[in-house]
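What follows is calculated from the coordinates using simple rules that are stated; it is not laboratory data. Predicted, not measured: the structure shown is a model, and the values here were computed from it.
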Amino acid sequence: MTIESIKNLLTTICQYNTVRITQTFTKDEVDWIQVRCVPNTSTLELTYLQTETIEKYDSVEEAANIIEKSISATTIEEAPSY
C-alpha cells in the first residue's frame, strides 16, 4: 500500500469524524494496526493490535508515515518502537 493511499484513507476517516469508522491495516495476513478518528476531532488514534498500545496523532502525514513503516517493515527490529 502506498503512502498516498494511506493518507487518503486517513483523511477520509477524519472527514467523517462524527461517525464511527475504523480501518484495519494488516501485515502478513495478520491484523496489525487499527485506526479511528477520535469523535468530533481530527486526532487519529492508532491501536497496535499485537500489544494493545494506543498512540494518538494530530497529523495525517505523521500517522501515515508510522503506519507505512510498521506494515512494510520486514522484521520487528525495523518496525517503529511503540
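Which log10 I(q)/I(0) values, to two decimals, does region 3-72 give at q = 0.18, 0.29 Å⁻¹ under the Debye formula with one point per Cα? Debye curve over Cα of region 3-72, log10 I(q)/I(0) at q = 0.18, 0.29 Å⁻¹: -0.59, -1.46.
Pairs of Cα atoms nearer than 8 Å and 6+ residues apart set the relative contact order; for region 3-72 it is 29 percent.
Dividing the summed -39500 (n - 2.57) terms of all DSSP H runs of n ≥ 4 by the residue count of the chain sets its mean residue ellipticity at 222 nm at -10000 deg cm²/dmol.
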